[in-house]
Every structure is written in structure tokens, then in C-alpha cells.
Amino acid sequence: MITIKNLSKSYGKTEILKNISFDIEKNDKLLIIGPSGSGKTTLIRCLNKLEKDYQGEIIFKKKNIKDIKDELLRKKIGMVFQSYNLFPHLTVKENIELAPSKLTNANKEELSKKTLKLLKSVNIEEKINEYPKNLSGGQKQRVAISRTLANNPEVILFDEPTSALDPESIKSLVKLLNELSKKATIIVVSHDMSLIKSFASKILFIDKGKIIEYGTKEEILKSTNPKIKKFLK
Amino acid sequence: MESFAKFWIEVFDNFYKTVIFEQRYELILNGLKNTLIMSIGAIILGSLLGIIISLIKHNYKINGKMKILNKICNTYISIIRGTPVLLQLMIIYYIIFKTSTINPIIIGILAFGINSGAYSAEIFRSGLESIDKGQLEAGLSLGFNYPKTMKYIILPQALKNSLPSICNEFITLIKETSVAGYIGIMELTKVSDIIASKTYNYFFPLIIIAVIYFLITNLLSKIFKKVERKLDINDNNKESI
Ligand SMILES: Nc1ncnc2c1ncn2[C@@H]1O[C@H](COP(=O)(O)OP(=O)(O)O)[C@@H](O)[C@H]1O
Ligand SMILES: [Mg+2]
């Protein structure tokens, strides 16, 4: 579904991603894992075209993403930001409906129905008319996820989704991620090792901008690469 | 007792001469009308200019587009901010519209609007810059293009953040229109001068006009405070989201 070929990305003179190549299949649950500063966020920002200045190619459904209109690609490859970036001047409902109401010709009733369904699926339907500032971190995240889902994306990128959550919320997030993976390809960027066992079907290890290992969960767990063994401990 | 009565008789006498004699209240009302027309016109023109310029500058900063326009805007802002408003008014009146018979009030609106536009542009620019970059990226990542992201996500928040400073700018502008008498516009300050020259007493005309300015600016800032409070009940985007 997505092919990344010889991707390199620099900020100024520092090379952040170094010649990265791998494939992502439809309905993969891909976990991109690596120490902080290794280039994980930069990698998924390239997939979403928030970064465009790179060498190499990113192919989405047989098309170079450079040849796909930004707005179109971003609706198909949605992103849930690490800091959620909810719109503070809009209610939960308005946050979720902003894109579909302005960018599609769906009618109000349909949208309302869909929003309610989305919020029910993430268990915060009672917050529908709240403003973001009145939500906890975990609730904000679920609104951010619903907002992305409202576009019916085929791929969803998550940046460090567990970093601000308590263990209980992590459990329900993982459940939700596994649920979502039935409908979309999920790519999670994290340095949280527990996601290897609880979530991933495939794992990409990245360190200092280079791929150390890429494979299925089973392959990674059996890996003899000393760096990974050290990591998994 | 006698001196007390004398004092009040004198006050009334002065008030009568300043406001009522020869229908001078009509002069004052006319001055108020001209001050208000000029101020409101200039506020509208200045705000429009300010918003447009701040958007051009933002577009240049974020997308690297509109390079030449951005340069023009910067030049405009530094020239306007670097010269006195009275001088700008006289240049427009005596040089640019030298030969035309255009209504001086229109010239006042143009001069004060163009002047205020430079200050408003800086206010809206910093309002736009006060919005976290994540907001822009969130908008883009949902499939909005840059203009729509600005329209639906960035501008509403930035305008709200700009309210206190833009209110100050409006108040400054209203007070600055008091120099328009130089080009013969019968605005409030000019009217006070005219009345004083007839009554040979400056105290009353000046105080009365000062009170009128104060009431206008005070009312304006009360309205803004109310609007700000209303918007604050709903959301608070100073908090990081
Ligand atoms: N906009 C930027 N400008 C300059 N350097 C950046 C920028 N964004 C990220 N970096 C650098 O790129 C490296 C990788 O960052 P990032 O992709 O955020 O890593 P990770 O998400 O794995 O923690 C870091 O060293 C970071 O300082
Ligand atoms: Mg990161």
C-alpha cells in the first residue's frame, strides 16, 4: 500500500533520515519504534506531506505522493498528533465536523449522526458539547482520533500516542487501535516497548535515522541483532 | 453665600455661551458627527488593510509566497510608523489631492485609515504568530488547504487574541483624528477652538470636548471588554492544547 524508497531527509546539514526503504501492506499494524531523536516523527510527517523536502520516493497506492494533491492525500492518510492539536475555539462536535462539513457536501444530520457514533465508539459521547480545555489528556486524544476518523482515512498515523497516558488509558487506547486496524492501516510511532506485544503486527526499528530491523512481530522477537536485544530488555 | 451664588451664575453663563448661545451645540454635534464618521471610516479601512497585510506576511513566512508584496508591505509599515500622522494627512491633502475637490472628510478617512493600517497590520501579525504551529498542521492534515486553514482555524483564534491591542489602536486613532482641523475638517477639537475664539474663554469648550472624547473612548473599551469576556467564557486558547 505504501512503499518507501531510499528516503533521506536533512534539516540544514544534519541528516535525520538516512536512506530508508520499506513496504507497508494494507491493514498492517505497523509500530515504528526507536529512541527519542531517531527520526520517527520526521518519517511519518513525510508520509503526510507535512515535510516535502526530502530525497527518495514515497509511493502510495502505486502513485508517488508528490503527484497526489496534498489535500487529497491528507484525507486518505490521516494523522493524530502527539500534542493532539485540537482546535480550542471549537467544541468537540465542531472539531470533529469541521473538515467533513467544509470539505464534503454531507448534510448536517448525517454529520451529527456520524459524530455521535464516533464519540460513542471512543466512549466520550457525553463530552460532545465541551470545549477542549475542559477535557483530560486521554479524552483530548480520543477527540483527536475521532476528528481524524471523520475523514474516513485509509491510513492513520499516530505519533507517540501512549506518551501522555496513564496505564489504564493505554489499555483502552491499545484496544481501540486494534479495533481501528480492521478498517484502516495503522502506523504508530513510539518508544513504548509494551506496544510490541499488545499492538504490533509489524515492527520497524529505527535508530539515528537508519533502519536497524524490519519484520513481523515474531521475527523481531527472535532477532539476534544485539541492538534490538538490548532494546527489548 | 454671595460668592457662592456668583460662582454658579458664572458657570451657567459660560456654559450658556459655549453650548447654547447662537446654537453652538449644533457646532459641537456637527464636530462629533465628523469625528465619528472619520474614526469609523478609518477604523474599517485600517482594519481591512491590517488583516490583508498580516495575511500576506504570514503567507510569505509560512509558504515563502508573495515575496514582492511582502516587501511592499514592510516598506509601507516602516514609512507609516516612522513619520508623524499629521504630516501624512498634510501630504495626502496638499500634495496627492492638491487639484481635486474631494470632501476633506474622505481625505481624513484615507489618511487615518492608511496610518492605522500599518499599526493594525503589526497587531494582527503578532496575533497570527501567537497561534501554535500545531494548529496550522492539524488543519492541513485534515485536508484543508492553506487559505481554508487560515479562514476556519487560525484567523478566528488570532483575531480573538488581537482584541485587546486592536482596541487600543482604535482609541489611539480616534484621539489622533483631533489633528484633522489642520486641513479644515470641522471635527471636535477644531470646534472647541472655534467656540473658544468667540467666547474668549478656553476652559469650557476644551473641557466639554475632552469629556466627549473620553466618553467615546471609554464606551469603546467597555464594549471590547464585554466581547472579550463573552469569548473567554467559551474557550481559552492561551492554554496549550
Ligand atoms: N524542524 C526541525 N528543524 C531542525 N531539526 C529538527 C526539526 N524537527 C526535528 N529535528 C531534529 O531531527 C531529529 C529527529 O527528530 P524526530 O523525528 O522528532 O525524532 P523522534 O520522533 O524519533 O524523537 C532530532 O534530532 C530533532 O532535533
Ligand atoms: Mg517524535
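Counting only residues that are within 16 Å of ligand 1 (Cβ to nearest atom) and more than 14 Å from every other protein chain (Cβ to nearest Cβ), which one in segment A:155-172 is farthest from the chain's Cα centre (by Cα)?
In this case the residue turns out to be A:SER163.
So, A:LYS49, is that one open to solvent by 20 Å² or more (accessible area, probe 1.4 Å) and either of a type outside the set (A, V, I, L, M, F, W, C) or in a loop (DSSP other than H, G, I, E, B) (or both) or not?
Criteria not met by A:LYS49.
Inspect all residues belonging to segment A:87-97 and state whether any of them is surrounded by fewer than 19 Cβ atoms within 10 Å (Cβ to Cβ) and either within 16 Å of ligand 1 (Cβ to nearest atom) or on the phi > 0 side of the Ramachandran plot (or both).
Scanning segment A:87-97, I find no residue that is surrounded by fewer than 19 Cβ atoms within 10 Å (Cβ to Cβ) and either within 16 Å of ligand 1 (Cβ to nearest atom) or on the phi > 0 side of the Ramachandran plot (or both), so the answer is no.
Quick one: B:ILE20 ticks every box in (1) crowded, with 16+ Cβ neighbours inside 10 Å; (2) at pLDDT below 95 bar one, so which box is it?
(1)
Looking only at segment A:165-188, filter to residues that are in contact (Cβ under 8 Å) with a residue 40 or more places away in the chain and within 16 Å of ligand 2 (Cβ to nearest atom); which one of those is surrounded by the most Cβ atoms within 10 Å (Cβ to Cβ)?
Here the residue is A:VAL188.
What is the number of the single condition among (1) modelled with pLDDT of 90 or more; (2) within 14 Å of chain A (Cβ to nearest Cβ); (3) open to solvent by 70 Å² or more (accessible area, probe 1.4 Å) that B:ALA138 does not meet?
Single failed check for B:ALA138: (3).
Name the pairs whose Cβ atoms lie under 7 Å apart, with the first residue in segment A:132-150 and within 11 Å of chain B (Cβ to nearest Cβ), the second of a type in the set (Ser, Thr, Tyr), and 6 or more positions between them or separate chains?
Going by the 7 Å Cβ cut-off, the qualifying pairs are A:LYS140/A:TYR84; A:ALA144/A:TYR84.
Six or more apart or on different chains, Cβ under 7 Å: which pairs go from a residue in segment A:11-30 that's part of a loop (DSSP other than H, G, I, E, B) to one that's away from ligand 1 (no atom under 16 Å from the Cβ)? Could you list them?
Listed pairs, sorted by first residue: A:GLU25/A:MET1; A:LYS26/A:MET1; A:LYS26/A:THR185; A:ASN27/A:SER181; A:ASN27/A:THR185; A:ASP28/A:THR185; A:ASP28/A:SER201; A:ASP28/A:LYS202.
Return yes when A:SER10 is open to solvent by 20 Å² or more (accessible area, probe 1.4 Å) and either within 14 Å of chain B (Cβ to nearest Cβ) or within 16 Å of ligand 2 (Cβ to nearest atom) (or both) and no when it is not.
No: the conditions fail for A:SER10.
Quick check on my filter: what residues within segment A:10-64 are within 10 Å of ligand 1 (Cβ to nearest atom), in contact with a strand residue (DSSP E or B) (Cβ under 7 Å, 6 or more places away or on another chain) and of a type in the set (Ser, Thr, Tyr)?
Across segment A:10-64, the qualifying residues are A:SER10, A:SER38, A:THR41, A:THR42.
Any idea which of B:LYS6, B:LYS98 is assigned to a helix (DSSP H, G or I), at pLDDT below 95, more than 28 Å from B:ILE154 (Cβ to Cβ) and basic (Lys, Arg)?
B:LYS6
The values are calculated or read from the model by the stated rules, or taken from the named source; none is laboratory data. Keep in mind that what you see is a predicted model, and the values were worked out from it rather than measured. Cβ sites come from the backbone with ideal geometry, for glycine too, and all protein chains shown count toward neighbours. Heavy atoms of the whole protein, side chains included, go into the accessibility calculation; ligands, DNA and RNA do not. Shrake-Rupley method; radii C 1.70, N 1.55, O 1.52, S 1.80 Å.
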